Amino acid sequence: MALQSLDIKRRSATTTPSAGIRSTPELAKLIDVSKCIGCKACQAACMEWNDLRDDIGTTAGTYDNPRDLTEHSWTVMRFAEVEPEPGRLEWLIRKDGCMHCADPGCLKACPAPGAVVQYHNGIVDFHEEHCIGCGYCVTGCPFNIPRLSRADAKVYKCTLCADRVAVGLEPACVKTCPTGAIMFGTKTDMLKQAAGRITDLKRRGFAKAGVYDPKGVGGTHVIYLLQHADRPELYSDLPDNPSISPMVSLWKGAVKPLTSLAFGMIAVGAFFHYLVKGPNRVPEEREQEVDQ
Amino acid sequence: MKNNPQNLLRFTAAERANHWLVAICFVLVALSGLVFFYPAFYPLSQLFGGGVWARILHPFIGLLLFAAFGLMFVKFRDLNRITATDREWLRHTRELLNGDEQGLPEAGKFNGGQKLLFWLLVACVALLLLSGIVIWRAYFSPLFPLWLIRLAAVVHAAAGAGMIALILGHIYMGIWTSESMAGMLYGQVRRPWARLHHRAWFRQMTGDDQ
């Protein structure tokens, strides 16, 4: 245990329980897309706190900068110009980054013990010192978040500022957001906060306003408040009903321990076959039939 | 037995070297592959200098195995064509496992079981190569769509597990069938052994009609 406030609930490639005598309230970051002005202060704060500097890239003709998440950019504003109804243009800006799933696909896929952990407060964190660079987390993630660095072959993503949260601070992006579009607290409080805002948005003509807290991954610890919660794809292809892919479940499911057991059974079976049947020698009488 | 001039040449030095190169590669690739297969096997990574080294080395050893196995494939492909006799042979598995080969049809240089193993291994190695390239994150994964990487991960694990099971069986048959290991180690087998286990091949080699 490093910090009591970061008690680990689940650990990758570990089949025995982690520390579990204490319970910590589940935390969540609420991103109210309807309040976001796209200033990217959250991106700057993330770089600042985590001491990250991305390479200078190129523009694709949109405000997205950088164009995608990288090992240096753990959060990226994604700008989408959409017409939810014909003739009604909306600029939907979504702060993309790790969703901190309750059932994390990255943790499930990771083969290195302790390289991916989930704290009791819900934060999913990568411990790069245990990472072996296989990229299985990238394969397991339903949100396309982890990025493998070419420089050191380790994966990186948003930590939800676990180091700040551990000592009672809010994540850097939350602290810096000038419009209060990013909020942080217990998940219960954040859902309550969102509920009030939804009522407000509905009064203002967004009939389908709602929370994005997808059940397919057990809920998330980063939740969005969307004006069009019925159409998450409007927000730069936010997945509609994300879940761990059945392929990943099959790959990492019960088949593997059973197969491991089967290897053992083959070895034990062969040993007992040898004991019972003895070596398959050329019988004495057959020796005589051939001139040696 | 090594020096008996009556012995039959079963495998040439080149064939034996080829086989054992594949075998060494297989042991290394299986042990390093198990590291990623299931947490219980993770300590095997220590044999390779840790998890990162296991991850780095595994695919390169795999490529070497593919190359060496490819040579074996070319060399033994024709000898492993499955015939009606082989299918009949395979129906007698129970008697074989009891050590009773009396009722079995005559086997050539390779019996039905060996031929079946050969083709199953060919399938496994081909699947492992193709899926392995797709999940080789350092060089190739970014070239493929996510759904294909996920499929390849499943295929790779399944084919790898299948190959380990097949080789475990192969090793056991080599141990259980006395003297067969000599064929692959020294290249030669004794005539009574050949006559008992590979009668058709024995006759072909000796011109003997026994």
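Taking the criterion of being crowded, with 18+ Cβ neighbours inside 10 Å and of a type in the set (A, V, I, L, M), the residues of the stretch B:90-115 that qualify are B:Leu96, B:Leu104, B:Ala107.
Does A:Glu284 meet the test of being charged (D, E, K, R), more than 7 Å from chain B (Cβ to nearest Cβ) and either exposed (fewer than 14 other Cβ atoms within 10 Å of the Cβ) or in contact with a strand residue (DSSP E or B) (Cβ under 6 Å, 6 or more places away or on another chain) (or both)?
Numbers: charged (D, E, K, R): yes; more than 7 Å from chain B (Cβ to nearest Cβ): yes; either exposed (fewer than 14 other Cβ atoms within 10 Å of the Cβ) or in contact with a strand residue (DSSP E or B) (Cβ under 6 Å, 6 or more places away or on another chain) (or both): yes.
Answer is yes for this residue.
Kindly indicate whether A:Gln4 is out of contact with any Phe, Trp or Tyr (no Cβ under 6 Å at 6 or more places or on another chain) and surrounded by fewer than 16 Cβ atoms within 10 Å (Cβ to Cβ). Yes.
In the stretch A:154-184, what count of residues is obtained for those that are small (Gly, Ala, Ser), more than 17 Å from A:Tyr212 (Cβ to Cβ) and more than 18 Å from the chain's Cα centre (by Cα)?
From the stretch A:154-184, those small (Gly, Ala, Ser) are A:162, A:166, A:168, A:172, A:180-181; that's our starting set.
Those left that are additionally more than 17 Å from A:Tyr212 (Cβ to Cβ): A:162, A:166, A:168, A:172, A:180.
With the extra rule that they be more than 18 Å from the chain's Cα centre (by Cα), the set shrinks to A:166, A:168, A:172, A:180.
Total satisfying the criteria: 4.
Those residues that are in a loop (DSSP other than H, G, I, E, B) and over 22 Å from B:Leu148 (Cα atoms), I need them from the stretch A:101-123; list them, please. Of everything in the stretch A:101-123, those that are in a loop (DSSP other than H, G, I, E, B) and over 22 Å from B:Leu148 (Cα atoms) turn out to be A:Ala102, A:Asp103, A:Ala112, A:Pro113, A:Gly114, A:Ala115, A:His120, A:Asn121, A:Gly122, A:Ile123.
Restricting attention to the stretch B:156-205, the residues that are among the β-branched types (Val, Ile, Thr) and assigned to a helix (DSSP H, G or I) total 4. Number of residues in the stretch B:96-115 that are basic (Lys, Arg) and either without any contact (Cβ under 8 Å) to a residue 12 or more places away in the chain or more than 24 Å from A:Val282 (Cβ to Cβ) (or both) equals 0.
Hey, could you check the stretch A:26-58 for residues that are assigned to a loop (DSSP other than H, G, I, E, B) and touching a Lys or Arg at 6+ places or on another chain (Cβ under 8 Å) and say which is surrounded by the most Cβ atoms within 10 Å (Cβ to Cβ)? Lay out the reasoning, then the answer.
Taking the stretch A:26-58 first, the residues assigned to a loop (DSSP other than H, G, I, E, B) are A:26, A:36-40, A:51-58.
Okay, now just the ones that are also touching a Lys or Arg at 6+ places or on another chain (Cβ under 8 Å), so A:26, A:36, A:57-58.
Working: A:Glu26: 18, A:Cys36: 21, A:Gly57: 13, A:Thr58: 7.
The residue in question is A:Cys36.
The single condition among (1) in a helix (DSSP H, G or I); (2) buried (at least 17 other Cβ atoms within 10 Å of the Cβ) that A:Val268 does not meet is (2).
Name the one entry in A:Leu238, A:Leu225 that is more than 13 Å from chain B (Cβ to nearest Cβ), over 18 Å from the mean Cα position of the chain (by Cα), crowded, with 16+ Cβ neighbours inside 10 Å and modelled with pLDDT of 95 or more. Step through it out loud before you land on a result.
Working: A:Leu238 fails: over 18 Å from the mean Cα position of the chain (by Cα).
When all the criteria are applied, what remains is A:Leu225.
In summary, B:Asp86 fulfils each of the numbered conditions (1) surrounded by 15 or more Cβ atoms within 10 Å (Cβ to Cβ); (2) among the acidic types (Asp, Glu); (3) within 12 Å of chain A (Cβ to nearest Cβ) with the single exception of condition (3). The residues of the stretch A:250-292 that are modelled with pLDDT of 90 or more and polar (S, T, N, Q), listed by number, are A:Thr259, A:Ser260, A:Asn280. Going residue by residue through the stretch A:172-184, is there one that turns out to be over 22 Å from A:Met77 (Cβ atoms), part of a loop (DSSP other than H, G, I, E, B) and modelled with pLDDT of 95 or more? Within the stretch A:172-184 (the criterion being over 22 Å from A:Met77 (Cβ atoms), part of a loop (DSSP other than H, G, I, E, B) and modelled with pLDDT of 95 or more), the answer is no, since none of the residues qualifies. Residue pairs, Cβ under 8 Å, 6 or more apart or interchain, first in the stretch B:173-194 and more than 9 Å from chain A (Cβ to nearest Cβ), second among the β-branched types (Val, Ile, Thr) and buried (at least 20 other Cβ atoms within 10 Å of the Cβ). List them. So the pair list comes out as B:Ala182/B:Val189; B:Gly183/B:Val189. Against the test of being touching a residue at least 60 places away in the same chain (Cβ under 8 Å) and either at negative phi or buried (at least 18 other Cβ atoms within 10 Å of the Cβ) (or both), the options B:Phe36, B:Phe66, B:Phe73, B:Phe118 yield a single qualifying residue, B:Phe66.
Within the stretch A:258-273, track down each residue that is more than 9 Å from every other protein chain (Cβ to nearest Cβ) and of a type in the set (A, V, I, L, M). A:Leu258, A:Leu261, A:Met265, A:Val268 - these are the residues of the stretch A:258-273 that are more than 9 Å from every other protein chain (Cβ to nearest Cβ) and of a type in the set (A, V, I, L, M). Would you check if B:Arg199 is under 30 Å from B:Arg94 (Cβ atoms), surrounded by fewer than 17 Cβ atoms within 10 Å (Cβ to Cβ), within 14 Å of another protein chain (Cβ to nearest Cβ) and basic (Lys, Arg)? Judged against the criteria, B:Arg199 is not a match. Restricting B:Leu47, B:Leu28 to residues that are surrounded by fewer than 16 Cβ atoms within 10 Å (Cβ to Cβ), of a type in the set (A, V, I, L, M, F, W, C) and closer than 26 Å to B:Val155 by Cα narrows the list to B:Leu47. No other residue among A:Val155, A:Val167, A:Val116 is within 27 Å of A:Ser23 (Cα to Cα), touching a strand residue (DSSP E or B) at 6+ places or on another chain (Cβ under 8 Å), of a type outside the set (Phe, Trp, Tyr) and assigned by TED's automatic domain parsing to the domain that holds A:Gly218 apart from A:Val116.
Looking across the stretch A:124-158, the residues that are assigned to a loop (DSSP other than H, G, I, E, B) and surrounded by fewer than 21 Cβ atoms within 10 Å (Cβ to Cβ) come down to A:His127, A:Gly133, A:Asn144, A:Ser149, A:Arg150, A:Ala151, A:Asp152, A:Ala153, A:Lys154. Does the stretch A:82-100 contain at least one residue that is without any contact (Cβ under 8 Å) to a residue 24 or more places away in the chain, part of a loop (DSSP other than H, G, I, E, B), within 14 Å of chain B (Cβ to nearest Cβ) and over 15 Å from the mean Cα position of the chain (by Cα)? So far as the stretch A:82-100 goes, no, none of its residues is without any contact (Cβ under 8 Å) to a residue 24 or more places away in the chain, part of a loop (DSSP other than H, G, I, E, B), within 14 Å of chain B (Cβ to nearest Cβ) and over 15 Å from the mean Cα position of the chain (by Cα).
The values are calculated or read from the model by the stated rules, or taken from the named source; none is laboratory data. The structure presented is a predicted model; accordingly, all values stated were derived computationally and were not measured. Every residue, glycine among them, receives a Cβ derived from its backbone with ideal geometry; neighbour counts consider all protein chains shown.
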